[in-house]
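**Student:** Below you will find the structure I want to go over with you.
The values are calculated or read from the model by the stated rules, or taken from the named source; none is laboratory data. Keep in mind that what you see is a predicted model, and the values were worked out from it rather than measured. Glycine also receives a Cβ, built like all others from the backbone with ideal geometry; neighbour counts cover every protein chain displayed. Surface areas here come from the heavy atoms of the whole protein model, side chains and all, with no ligands, DNA or RNA. Shrake-Rupley method; radii C 1.70, N 1.55, O 1.52, S 1.80 Å.
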Amino acid sequence: MNISIDREALAKSVQDVMKAVSTRTTIPILTGIKLTASARGVTLTGSDSDISIESFIPLEKEGRLLVDVKRPGSIVLQARFFSEIVKKLPQQTVEIETEDNFLTVIRSGHSEFRLNGFNADEYPRLPQIEEEHAFQIPADLLKAMIRQTVFAVSTSETRPILTGVNWKIEDGELVCTATDSHRLAMRKVKIGIESDWAYNVVIPGKSLNELSKILADGNHPIDIVITANQVLFKAEHLLFFSRLLDGNYPETARLIPTDSKTTVTVNAKEFLQAIDRASLLAREGRNNVVKLATLPGERLEISSVSPEIGKVTEQLKAESLEGEELNISFSAKYMMDALRALDGTDIQISFTGAMRPFVLRPLHSDSMLQLILPVRTY
Amino acid sequence: MTMRWEQLAKRQPVVAKMLQSGLEKGRISHAYLFEGRRGTGKKAASLLLAKSLFCLSPSGVFPCFQCRNCRRIDSGNHPDVRVISPDGETIKKEQIEWLQREFTKTAVESDKKMYIVEHAEQMTTSAANSLLKFLEEPHPGTVAVLLTEQYHRLLETVISRCQVFSFRPLPPSELADQLVGEGVPLPLALLAAHLTNSDDEALALSQDRWFAEARTVVLQLYEMLSKPELQLLFFVNDRWIPHFSEKHQLDLGLQLLFYLYRDLLHIQAGQTDGLLYSDQLERLQQWALTCPQRRILDGMEAILQAKARFHTTNMSTVLLVEQLALQLKR
């Protein structure tokens, strides 16, 4: 391989793929970054085997020449050193040339580094992509979908499948579900694909968090391809691969109650602040529980008692309140997570009794939903 | 070191046959337990099994040893073949938890995954119990291989959920050949191969200058037996004792002396093949001629007795060797 490349573009790409490189890996080759030069440009790859990030530098961008490929080829270089070197090189262009035995010379101005590289054949192969199986979601919407579901994944390893978010594609609709068996977050999106496609995969929550960090804000479309082993998110010049979780995701649709005995509509922001205040004292207690009771005159009372510390009560005017009287306790943390995840100013909460799960939805929309299991108190 | 099926079949015929027929019939167990002494080829066999499963262009069950997958299994870079070895003294629960997380994810490249746990007996009890869960509910396409030298230290519950393969110790002659192949001179290789079964240990031993010296001291001691008593005792104190100062060293020295007597006996019986001190053949033949068979046998008995005394009692090593030398001289 022999290339000369724009340092800024290289540094940006290195920074992107470094997000996937882990220092604590058991596979020696994964401590490196793979560089591949072809007639089209230069591709950088970083991976910790769970997620892999590929960044592409085209030959030119906006009329500016970025890469000159004199001899195509590929090499794996120690990520830790390579990233530092690229950051600190003196000149605007960098020459990278491989010699015998994977020795790699990095030249910029009068500075010259000689790095011992590895054989690029040793690097894991990423799945081959079949473009026709891609569907598109705008970046902002994708990030919102991740934000609205991923917080609810389980952190315990007792049921590993619950550490991921279930992506189910059916009838041209993508349904994302996450649950830790105490709460559930669900988000539906219409996607423009033929209706006979059906997928059901579980993507690790950690991968989605990483993806959300690396995607630029904006409305540009992200191509998504699901393969047997991996899922691929493709933005302009950036590919993000993640392994999937193996196993069957529990059927969650029947957990969501369809009827409702008490329906409350509240202003999301006011309600969130009231819960936050109530949880100030509850946080010290064992499980951060607050109590919600309906009062006559469309009023709600939120309270929390911690015997050693004290008590807090607050009354809140609901936008509307229908149905039976109710007295219910739940985790303040789960409630706040759910309220933060929902968009919209007004949200509707449907209860079916003090011992049954309840559902939060934005008013006039069923594209997102948060379900919380109440806490039993005596 | 890369092992081929032919080599495995030579060393561990039973294991090779069973594994091969399992591969041919597509009946691969979800968990194997390879047990056997150090250096019996357990790890190499597990990597061989991995290659047979992952090779891109296999002929039957025989991997090509050339393709990316074969090469990456050897270099430890294949993302779907993971090796776990003790972190310090034991295999910690976190390592098994990491392994469990790996189990729950799809494979990186193919639809198969393989995990090799080295020194499985070093798993802490809680680590072993965590592993049990996988062994009880295997994931399709996942193979675990546990390697152990101390089979009996594993939990019963773990053993009962694995298909167990016992690896026989290596024949010394083969180990010696292997050492010679690694550049060890034949005389040292033969002795080292008889003293230990592990190829690592044998190699380390035969590359140690101390060991070559030890062999010379042993030969010198035999020569000194024909000298006056005082000179003999002086030699013991001046050369033997300083050289074999540690307990395990003395044990090894006595063993070397025993092999020398064995060689003499072989020569007297007319067998010159398989001598351990074969490079000293002329000297040995001369010694064998001048020494009655009775004395050789008595000498061997004396050495064995000295060894037994040395292990069971707390006798001073100086006295022990002096006594032995005088017994041998008689």
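**Student:** Pick out the long, greasy-scoring helices in chain A: whole DSSP H runs spanning 15 Å or more along their own axis by Cα, mean Kyte-Doolittle at least -1.0.
**Tutor:** Answer set is A:7-18, A:139-150, A:268-282.
**Student:** Toward the positive end of the charge dipole of the protein assembly as shown, about the Cα centre and with charges on Cβ (Lys, Arg +1; Asp, Glu -1), which of A:Val305, B:Leu264, A:Leu245 goes farthest?
**Tutor:** Going by the Cα projections, it comes out as B:Leu264.
**Student:** Measuring from the lowest to the highest alpha carbon on each principal axis, how far does region A:43-99 reach, largest first, in angstroms?
**Tutor:** The principal-axis extents, from largest down, are 36, 23, 23 Å.
**Student:** Moving on to the next point. Taking only Cα atoms, what is the 0 to 90° angle, nearest 10, from helix B:186-195's long axis to the longest principal axis of chain B?
**Tutor:** 70 degrees
**Student:** What is region B:5-169 by shape, rounded, prolate or oblate, if you read a ≥ b ≥ c off the alpha carbon gyration tensor as root eigenvalues and call it rounded for a/c under 1.5, prolate for a/b larger than b/c, and oblate otherwise?
**Tutor:** Values: a/c = 1.64, a/b = 1.23, b/c = 1.33.
Oblate is the answer for region B:5-169, as a/c is 1.5 or above yet b/c matches or exceeds a/b.
**Student:** Using +1 at the Cβ of each Lys and Arg and -1 at the Cβ of each Asp and Glu in the protein assembly as shown, identify which of A:Thr155, A:Met145, B:Leu232 lies farthest towards the dipole's positive end.
**Tutor:** B:Leu232
**Student:** Enter the buried accessible area of the B/A pair, total of both sides, probe 1.4 Å, in Å² rounded to the nearest 100.
**Tutor:** Approximately 2200 Å², summed over both chains.
**Student:** For every other residue with a beta carbon closer than 15 angstrom to the beta carbon of B:Gln150, add +1 if it is Lys or Arg and -1 if Asp or Glu, then tell me the sum.
**Tutor:** Here the count lands on -2.
**Student:** Calculate, in nm to one decimal, what B:Ser160 and B:Glu137 gain on full extension: separation in residues at 0.36 nm each, minus their alpha carbon distance.
**Tutor:** 6.9 nm
**Student:** For region A:254-284, list residues with backbone N below 13 Å from a point placed 7 Å from the Cα of A:His182 toward its Cβ?
**Tutor:** A:283
**Student:** Note down the net charge around A:Thr158, summing +1 for each Lys or Arg and -1 for each Asp or Glu among other residues with Cβ under 15 Å from its Cβ.
**Tutor:** So the environment of A:Thr158 carries a net charge of -1.
**Student:** Can you report the principal axis dimensions of region A:72-229 using only the alpha carbons, biggest first, rounded to whole angstrom?
**Tutor:** Cα spread of region A:72-229 along its principal axes, largest to smallest: 58, 36, 31 Å.
**Student:** Which distance in Å, rounded to a whole number, links the C-alpha centroids of region B:1-33 and region B:54-123?
**Tutor:** After rounding, the separation between the Cα centres reads 17 Å.
**Student:** Label region B:129-171 by shape, choosing from rounded, prolate and oblate, from the square roots a ≥ b ≥ c of the eigenvalues of the Cα gyration tensor; if a/c is under 1.5 it is rounded, and otherwise prolate applies when a/b is larger than b/c, oblate when it is not.
**Tutor:** Oblate shape, in that a/c is at least 1.5 and b/c is the bigger or equal ratio.
**Student:** If I compute solvent accessible area with a 1.4 Å probe over the protein chains, what percent of it on region B:5-169 is carbon and sulfur?
**Tutor:** The C+S portion of the solvent-accessible surface of region B:5-169 is 49 percent.
**Student:** Taking a quarter of the surface of the convex hull around the Cα atoms of region B:208-329, what do you get in nm²?
**Tutor:** 7.3 nm²
**Student:** Still on this model: Of all the stretches in chain A, which is the longest one without any exposed loop site, taking trypsin sites (Lys or Arg not before Pro) in a DSSP loop (any state but H, G, I, E, B) with at most 11 other Cβ atoms within 10 Å?
**Tutor:** Result, exposed sites excluded: A:25-285.
**Student:** Probe radius 1.4 Å, ligands and nucleic acids ignored: give me the carbon and sulfur share of the accessible area of region B:208-329 as a rounded percent.
**Tutor:** C and S atoms contribute 52 percent here.
**Student:** To continue, here is another question. Could you state the number of Å between the C-alpha centres of region A:30-109 and region B:198-258?
**Tutor:** 59 Å
**Student:** If you don't mind, another one. Restricting things to Cα coordinates, could you compute the convex hull volume per residue of chain A in Å³?
**Tutor:** Output value, Cα hull per residue: 174 Å³.
**Student:** Averaged over its residues, how many other protein chain Cβ atoms are within 10 Å of peptide B:108-114's Cβ atoms?
**Tutor:** 4
**Student:** Still on this model: Alpha carbon centre of region A:164-202 versus region B:136-157: separation in Å?
**Tutor:** Using only Cα atoms to place each centre, the spacing works out to 37 Å.
**Student:** Let me ask another. Beta carbons within 10 angstrom, averaged per residue: use that to sort the peptides A:172-181, B:185-194, highest first.
**Tutor:** Final packing ranking: B:185-194, A:172-181.
**Student:** Another question, if that's okay. Where is the GNM fluctuation largest for chain A (alpha-carbon springs, 10 angstrom cutoff): A:Ala198, A:Ala139, A:Ala268?
**Tutor:** So, out of A:Ala198, A:Ala139, A:Ala268, the one fluctuating most is A:Ala198.
**Student:** Under 1.5 on a/c is rounded, so check that first for chain B, then, if it is not, pick prolate when a/b is larger than b/c and oblate when it is not; a ≥ b ≥ c are the square roots of the alpha carbon gyration tensor eigenvalues. Walk me through the numbers on the way to the answer.
**Tutor:** Numbers: a/c = 3.08, a/b = 2.18, b/c = 1.41.
It comes out prolate by the Cα gyration axes.
**Student:** State the extension gain, in nm to one decimal, for the chain segment bounded by A:Asn248 and A:Arg340, taking 0.36 nm per residue of separation less the distance between their alpha-carbons.
**Tutor:** Gain on extension, A:Asn248 to A:Arg340, equals 30.2 nm.
**Student:** Also, quick follow-up: Please give the average number of partner chain Cβ atoms lying within 10 Å of the Cβ of each residue in B:94-107, rounded to a whole number. The partial results should precede the final answer.
**Tutor:** Values: counts 0, 1, 0, 1, 3, 0, 2, 6, 4, 3, 13, 16, 13, 7.
Average per residue, whole number: 5.
**Student:** Starting from the Cα of A:Lys61, draw a straight line to each of the lysines and keep only those under 26 Å, dropping any in the same chain fewer than 8 residues away.
**Tutor:** The reachable lysines, counting only those whose Cα sits under 26 Å from A:Lys61, are A:Lys12, A:Lys19, A:Lys34, A:Lys70, A:Lys87, A:Lys88, A:Lys213, A:Lys234.
**Student:** Rounded to two decimals, what is Rg over Rh for region B:113-255 when you use alpha-carbon atoms and the Kirkwood radius?
**Tutor:** 1.20
**Student:** Considering only DSSP beta bridges with both partners in region B:5-169, what is the antiparallel share in %, to the nearest 5?
**Tutor:** On the way: 2 of 22 bridges.
Taking every DSSP beta bridge within region B:5-169, about 10 percent pair in antiparallel fashion.
**Student:** I would also like to ask the following. Two decimals is fine: what is log10 I(q)/I(0) at q = 0.08 Å⁻¹ for the protein assembly as shown, from a Debye sum with one equal scatterer on every Cα and no solvent?
**Tutor:** With one equal scatterer per Cα and no solvent, log10 I(q)/I(0) is -0.84.
**Student:** Still on this structure: What is the sum of charges around B:Arg294, taking Lys and Arg as +1, Asp and Glu as -1, for the other residues whose C-beta is under 13 Å from the C-beta of B:Arg294?
**Tutor:** Value of the local net charge: 0.
**Student:** Average partner chain C-beta neighbours within 10 Å, per residue of B:71-78?
**Tutor:** Shielding by partners across B:71-78 averages 5.
**Student:** Now for a different question. Over all pairs of distinct alpha carbons, what does the Kirkwood formula give as the hydrodynamic radius of region A:261-360, in Å?
**Tutor:** 13.5 Å
**Student:** Per DSSP H run of at least 4 residues, take -39500 (n - 2.57); add these up for chain B, divide by its residues and hand me the 222 nm value, nearest 500 deg cm²/dmol.
**Tutor:** Helix-only estimate at 222 nm: -17000 deg cm²/dmol.
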